[in-house]
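First up is the structure itself, then whatever we jot down about it.
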Number of protein chains: 2
Amino acid sequence: MAGTTSGQAAGGSTAARAPEERRRRILEATVAVIRDRGFAGTRVTDIAAAAGTSSGLVLYHFGSLAGALTQALTHVEDVFYGELESELEAVPGPVDRLRLMADLASGAGPAVGDWTLWLELWVRALRDDDARAARESLDRRWRAALRRVVVEGAAAGVFHPADVAATTLRLSSLMDGLAIQLALAEPGMTPARFKRLWLDAAALELGVPAQAFRGRAARPVRRRTAS
Amino acid sequence: MAGTTSGQAAGGSTAARAPEERRRRILEATVAVIRDRGFAGTRVTDIAAAAGTSSGLVLYHFGSLAGALTQALTHVEDVFYGELESELEAVPGPVDRLRLMADLASGAGPAVGDWTLWLELWVRALRDDDARAARESLDRRWRAALRRVVVEGAAAGVFHPADVAATTLRLSSLMDGLAIQLALAEPGMTPARFKRLWLDAAALELGVPAQAFRGRAARPVRRRTAS
DNA sequence: GGCTATCCTGAATACTCGTTCAGATCGCCG
DNA sequence: CGGCGATCTGAACGAGTATTCAGGATAGCC
């Protein structure tokens, strides 16, 4: 796309001019609509309205509704991954990193804890290959990050996992399972309880006393400057 | 249902006469269609075709597509619960009961381990009240059964759960999370691995050696006579 | 200034699908 | 027998919606 021989390179004038900006706005609108109406309930018109444009433009940029939905998925994937990496880098030590992951997943972060969206993604992945690929990638990255923290802790002699692969898989699956309750607003399930339940399970799995993960998080989750 | 004052009571002629039979067939067809096309992809015509009748009849019996979907949910709920209860009663002792639950959930039973259907249900429950109620009821029953087994084992001095409520919630959530992998046929996830991972987690939670849950299940899961 | 490619709009189009409906079929009863 | 209510069918209807399309605006370029 950047390879167009001449094109409207740069230009620099008002931001409203940039079609890239428009595209991004549409993708974010698409994500928002999926989140609150679900994949099945998302109409081209809804996306256009949420993005403040016409339905024609949505199709102009993405070819079809399915195209817009798919690209929206890769867009959240990027956002999610960027956030995860930068957050994790900012915190040292396996204990605090594990706590941070619990924070992110329990909804403190803007993208990671977006469980309604993930539920939708899972179901769509049952029958749509793009969704399946997006989910798999997301899952693999999250699990890899978790594994890294576990291994790091084990190397430091802080954690004592009996089986790293099994522990990683169980802890990430437990998160998914608890997330269902959170997404459905099951009475009694709150972000705080989610964190407590998950960290206690982590303590069991890692052979450390539950107190190791109590106390405040080392640092409040950083807010994005804007959006 | 047997209480109709006069109606076409009995009659005894061909089975094709009984409208109750027809209703049931339609409900089961509905469940089958939901399972393989999803709620969003289920059409009245699909249901009619799967049940071997006309779309008119589906609407005649259930009023609307939404009505058919909802009644299909309460139908699976009944089937699920009936199966769970009868299976559990047939096995004595907390250890074997826990293993049985792992078996049922990992897909050995016809209804309980029907994870594709449950995934669909979760997402529908985000926005549909009937689905929400069905899911909550299903979840509560499953969790209650699990808790009963845990308490029973604790009373017998076999299990040593630190916190029964937390353990129950974590073990059932872990199942849900693992089930996602199973439903999506994630490479590396099989019913056997599902069982192993879950039972090992149970061993940790219940303070027993993992070996306690190894070995063969006490008894193969019973097959329904027909359907 | 004219020309062109890009970006954008909203009405028109075509199609899918839930629901309605005008009847067929059939067992039963008076 | 003739009527009746319950069950069942499939064609017709109409609402909703993705996609197409005929153009309008704008910016850069010759």
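The values are calculated or read from the model by the stated rules, or taken from the named source; none is laboratory data. Because the structure is a prediction, the values reported are computed rather than measured. Cβ atoms come from the backbone with ideal geometry, glycine included; neighbour counts cover every protein chain shown.
A few notes on this one:
- Among the numbered conditions (1) at pLDDT 95 or above; (2) surrounded by 15 or more Cβ atoms within 10 Å (Cβ to Cβ); (3) small (Gly, Ala, Ser), the only one that A:ALA144 does not meet is (2).
- Residues (more than 7 Å from every other protein chain (Cβ to nearest Cβ) and either surrounded by fewer than 22 Cβ atoms within 10 Å (Cβ to Cβ) or within 12 Å of the chain's Cα centre (by Cα) (or both)) located in the stretch A:116-131: A:LEU117, A:TRP118, A:LEU121, A:ASP128, A:ASP129, A:ASP130, A:ALA131
- Among the candidates B:ALA125, B:ALA102, the residue that is over 21 Å from B:VAL33 (Cβ atoms) and modelled with pLDDT of 95 or more is uniquely B:ALA102.
- For the condition away from DNA strand D (no atom under 16 Å from the Cβ), modelled with pLDDT under 95 and not assigned by TED's automatic domain parsing to the domain that holds B:ALA154, B:ASP36 qualifies.
- Among the residues of the stretch B:164-183, the ones that are touching a Pro at 6+ places or on another chain (Cβ under 9 Å) and not hydroxyl-bearing (Ser, Thr, Tyr) come to 1 in all.
- On the stretch given as the stretch A:70-93, residues that are within 16 Å of the chain's Cα centre (by Cα) and surrounded by 15 or more Cβ atoms within 10 Å (Cβ to Cβ) total 14.
- Evaluating A:ALA183 against the criteria (1) within 12 Å of chain B (Cβ to nearest Cβ); (2) out of contact with any helix residue (DSSP H, G or I) (no Cβ under 6 Å at 6 or more places or on another chain) leaves one unmet condition, (2).
- Per this entry, B:ALA9 is not counted among residues that are modelled with pLDDT under 90, surrounded by fewer than 17 Cβ atoms within 10 Å (Cβ to Cβ) and assigned to a helix (DSSP H, G or I).
- A:ALA185 being over 30 Å from B:ARG127 (Cα atoms) and of a type outside the set (Asp, Glu): no
- Looking at B:GLY107, B:GLY38, B:GLY52, just one residue is within 14 Å of chain A (Cβ to nearest Cβ) and in contact (Cβ under 8 Å) with a residue 24 or more places away in the chain, and that residue is B:GLY38.
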